[in-house]
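Inspection log for the structure reproduced underneath, given as structure tokens.
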Amino acid sequence: NSGLSIKDLKVEYKGGQLALGHVELTLPEHGIYTIIGPSGSGKSTLLRAIAGLLPSYTGELLFNGKSVHAKETLIGLVPQNYGLLPWKTVQANIGIAMKISHPEGLHKQEQEVQIKHWLTSMGIAELAGRYPLSLSGGQQQRVAIARAFAILPTILLLDEPFSALDAITRETLQELFLDNWLANPATTLFVTHDVEEAILLGQKVIIMPSNKEEMPEIVDNHSVFQ
Ligand code: ADP
Ligand code: ADP
């Protein structure tokens, strides 16, 4: 019963586009699970379903036996386009996310300390006062990841977070992400189109089929964490 359990998930978009046909996945808590598969195989849709961003789906999405959308499950999402609020500074973007982890609110000073911690953890303390659109893609990605961790998520969802970055930036962010994850080991679904990255970061690799009649395949990956 523990961990993330997806039962017979099917998603059809308005207009009849079948995005996911029949997804069954059982994933133990506190792992990083990478998701690969061809374009259109429903990787983003799977994350959106768990994030609660779809108007409808059929099937069950459970975390530790309860709906993933129950209030005790906090979900951090790093969407493909970063999803930062452009009219808020970097620190305000993190502060807003912290309201999810601290619904009772934090004292101003404590909040500032925490924001600084999350920004420092992604190597961007000096960007606190900047606005997202004045930042590079890699910097925005760091903010988006810091924000997702600031939620103190039980489930963390990342949609191709490093795909638009140059190789050196990608490696740096992979390392910062892993350090943060080890300190906050949420149950993590990580979509990537890069097979090497999937193998580097995932304890299991989920392969989404292009044929929606088929189920995703889960491959145990022993190359990491040992
Ligand atoms: P992937 O992330 O693997 O590329 P997606 O989840 O984006 O796959 O898409 C799965 C299928 O659903 C594709 O055929 C795509 O065109 C379709 N789709 C995705 N989003 C929408 C949407 N908002 N409305 C209609 N169809 C969509
Ligand atoms: P991804 O594969 O990560 O979803 P896409 O480029 O396929 O990226 O989709 C970008 C945006 O367009 C998404 O918000 C998705 O919901 C939407 N989209 C994708 N396919 C369709 C579609 N067939 N009809 C309508 N919207 C779509």
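Taking the condition within 16 Å of ligand 2 (Cβ to nearest atom), open to solvent by less than 80 Å² (accessible area, probe 1.4 Å) and not β-branched (V, I, T), does Y33 pass? Spell out the reasoning first.
Values: within 16 Å of ligand 2 (Cβ to nearest atom): no; open to solvent by less than 80 Å² (accessible area, probe 1.4 Å): yes; not β-branched (V, I, T): yes.
No; evaluated as a whole, the condition is false for this residue.
The single condition among (1) at pLDDT 95 or above; (2) more than 16 Å from the chain's Cα centre (by Cα); (3) near ligand 1 (Cβ under 9 Å from one of its atoms) that L47 does not meet is (2). Residues that are more than 16 Å from ligand 1 (Cβ to nearest atom), of a type in the set (S, T, N, Q) and exposed (fewer than 12 other Cβ atoms within 10 Å of the Cβ): does segment 90-110 have at least one? Yes: one or more hits. Of the residues making up segment 112-127, none is open to solvent by less than 10 Å² (accessible area, probe 1.4 Å) and of a type in the set (G, A, S).
Just one of G16, G31, G21 is touching a Lys or Arg at 6+ places or on another chain (Cβ under 8 Å) and within 16 Å of ligand 1 (Cβ to nearest atom); which is it?
Matching residue, one of G16, G31, G21: G21.
Output the residues belonging to segment 24-52 that are under 24 Å from N81 (Cβ atoms) and of a type in the set (A, V, I, L, M).
Listed by number, the residues that qualify are I32, I35, I36, L46, L47, A49, I50, A51.
Considering S67, S41, S56, the condition of being over 20 Å from A144 (Cβ atoms), away from ligand 2 (no atom under 15 Å from the Cβ) and either open to solvent by 50 Å² or more (accessible area, probe 1.4 Å) or at pLDDT 95 or above (or both) is satisfied by S67 alone.
Taken together, K14, K10 contain a single residue that is open to solvent by 60 Å² or more (accessible area, probe 1.4 Å) and touching a strand residue (DSSP E or B) at 6+ places or on another chain (Cβ under 8 Å), which is K10.
Note on segment 1-30: residues that are more than 11 Å from ligand 2 (Cβ to nearest atom) and basic (K, R) total 2.
To keep it simple, each residue is scored yes or no on (1) more than 26 Å from A70 (Cα to Cα); (2) of a type in the set (S, T, Y); (3) away from ligand 2 (no atom under 16 Å from the Cβ); (4) modelled with pLDDT of 95 or more.
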site: L156; (1), (2), (3), (4): no, no, yes, yes
site: I168; (1), (2), (3), (4): yes, no, yes, no
site: Q174; (1), (2), (3), (4): yes, no, yes, yes
site: A183; (1), (2), (3), (4): no, no, yes, yes
site: H193; (1), (2), (3), (4): yes, no, no, no
site: L200; (1), (2), (3), (4): yes, no, yes, no
site: I206; (1), (2), (3), (4): no, no, no, yes
site: F225; (1), (2), (3), (4): yes, no, yes, no
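Filtered by the rule that a residue be free of Cβ contacts under 8 Å to residues at least 24 places away in the same chain and open to solvent by 80 Å² or more (accessible area, probe 1.4 Å), segment 174-213 gives E175, L182, E196.
If I ask for residues that are within 16 Å of ligand 2 (Cβ to nearest atom) and open to solvent by 20 Å² or more (accessible area, probe 1.4 Å), which ones from segment 70-83 would you list?
If we filter segment 70-83 for residues that are within 16 Å of ligand 2 (Cβ to nearest atom), which is where we start, we get 77-83.
Selection gives L77, P79, Q80, N81, Y82, G83.
Out of all the residues in segment 81-101, is one or more within 30 Å of P209 (Cα to Cα), polar (S, T, N, Q) and in contact (Cβ under 8 Å) with a residue 60 or more places away in the chain? For segment 81-101, residues within 30 Å of P209 (Cα to Cα), polar (S, T, N, Q) and in contact (Cβ under 8 Å) with a residue 60 or more places away in the chain: absent.
The values are calculated or read from the model by the stated rules, or taken from the named source; none is laboratory data. The structure displayed is predicted, hence computed values, not measured ones. Glycine also receives a Cβ, built like all others from the backbone with ideal geometry; neighbour counts cover every protein chain displayed. Only protein heavy atoms, including side chains, enter the accessible area calculation; ligands, DNA and RNA are left aside. Shrake-Rupley method; radii C 1.70, N 1.55, O 1.52, S 1.80 Å.
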